[in-house]
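Following: one structure in structure tokens, then a few remarks.
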Amino acid sequence: WVSLQENNALARIDIESKRIEEIMPLGFKSYNTMENAIDPSDKDGGIFFNPWPVYGMYQPDAIAVMPNNNVPYVFTANEGDAREYGNFNELVRVGSSSVKLDPVAFPNAVTAFKPISKLGRLNITNTMGDTDGDGDYDELYSFGARSFSIFHGLTGELVFDSRNELDVVAKALGVYPMENGEDNRSDDKSVEPEGITIGRVGNRNLMFLGMERADALFIYDVNNPNRPVFLQMLPTGDAPEGVYFIEAEKSPTGKSIVIVSNEGDGVVKIYSTK
């Protein structure tokens, strides 16, 4: 399985035959529900999660696969990423003068959506959203899903999404990205789940999720891929990128080990079971 991040899809590849069997589009996540509520502004004076009429493209960075009852489950860290190369740049803020909002889909846009304390600071793609071709945005699509997801590896069906739990828990534990008193990444992918791996510790399958902007590693019990359970948070270095698990049987200490490489400060941290 390969993550096609900027294409918002997964590819399934038969290694033996060297054949791409299928490309599975991941679709979009609606933030217009309480369970998916987000804070889309870094200029609203705090961290406030509310439903908004915006979609998120899953766009996973790292992925991991866990077989369960003969089904391969693909775990995705839904970071998000914009396409910027040459003269092409799809990144635009909702508050930009180039973003004209459809008056039916976004009534009272000037006061309800465009201000920087509302949706004005949110980064979206300028390549989608004009569904009727009349020159304004009927829908808004942002980068990433601010979550981790679990997909059926053979069908591409979404089995589980963590909704807004990463944001909510990060805020509760004091690791939501902040700078000078402001939540400085709310407008741009939030905690940014990036690295992910799965390992077996004792009789439990655990998922380890590194979040680049929260500088934290979240650990989940994923024995039941339909109902992952948050266990604990470990602080990392600056901007965790790679996450690697070594099972106890192969560890030099005889204990399970998780290794995290941090892009921001160049530090590698190693965590061990007791």
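The values are calculated or read from the model by the stated rules, or taken from the named source; none is laboratory data. Predicted model only: the values in this text are computed from it and were never measured. Every residue, glycine as well, gets a Cβ built from its backbone with ideal geometry; the counts of neighbours run over all protein chains shown. The accessibility values were calculated without ligands, DNA or RNA, using every heavy atom of the protein model including side chains. Shrake-Rupley method; radii C 1.70, N 1.55, O 1.52, S 1.80 Å.
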*Cut-off under 5 Å, modelled amide H: who pairs with Asn184 long-range*: Met178, Glu179
_In Å², nearest 10: area of Phe48 left accessible to a 1.4 Å probe_ = 100
*Evaluate E = 1/(1 + (r/R0)^6) for Val201 and Glu84, where r is the Cβ-Cβ distance and R0 equals 51 Å; express this FRET efficiency to the nearest 0.05.*
0.80
*Using a 1.4 Å probe and counting only protein heavy atoms, arrange Thr33, Thr127 so the residue with the most accessible area comes first.*
Thr127, Thr33
_Beta bridge orientation in the chain: antiparallel %, DSSP, nearest 5_ = 95
*Residues of the chain: accessible area per residue at 1.4 Å, in Å²?*
47
*With θ set to phi - 60°, apply the Karplus curve 6.51 cos²θ - 1.76 cosθ + 1.60 along the range 59-66 and write out the HN-Hα couplings as whole Hz, x wherever there is a Gly or Pro.*
6, x, 8, 6, 9, 9, 10, 10
*Going down the table (Lys189/Lys274; Lys171/Lys250; Lys18/Lys255; Lys171/Lys255; Lys29/Lys269; Lys189/Lys269), which pairs top 26 Å between alpha carbons?*
Lys189/Lys274; Lys171/Lys250; Lys18/Lys255; Lys171/Lys255; Lys29/Lys269
*Rounded, prolate or oblate: which fits the range 3-94 when a ≥ b ≥ c are the square roots of the eigenvalues of the alpha-carbon gyration tensor, with rounded for a/c under 1.5 and prolate only if a/b beats b/c?*
oblate
*When a/c is below 1.5 the answer is rounded, else prolate if a/b is larger than b/c, else oblate, so apply that to the chain with a ≥ b ≥ c taken from the square roots of the Cα gyration tensor eigenvalues.*
prolate
*Report the calculated FRET efficiency for Ala248 and Val168 (r = Cβ-Cβ distance, R0 = 25 Å), to the nearest 0.05.*
0.20
*To the nearest 10 square angstrom, how much accessible area does Glu165 have with a 1.4 angstrom probe?*
70
*Would you pull out the residues with amide H under 5 Å of Asp215's amide H, same chain only if 5 or more places away, H placed 1.01 Å from N?*
Ala239
*Tabulate in residue order the Karplus-calculated ³J(HN,Hα) for the range 11-24, using 6.51 cos²θ - 1.76 cosθ + 1.60 with θ = phi - 60°, rounded to whole Hz; enter x for Gly and Pro.*
10, 10, 10, 7, 5, 4, 8, 6, 10, 6, 7, 6, 10, 10
*Please turn the phi angles of the range 265-271 into ³J(HN,Hα) values with the Karplus equation 6.51 cos²θ - 1.76 cosθ + 1.60 (θ = phi - 60°), one per residue in order, whole Hz, x for glycine and proline.*
10, x, 9, 9, 10, 10, 10
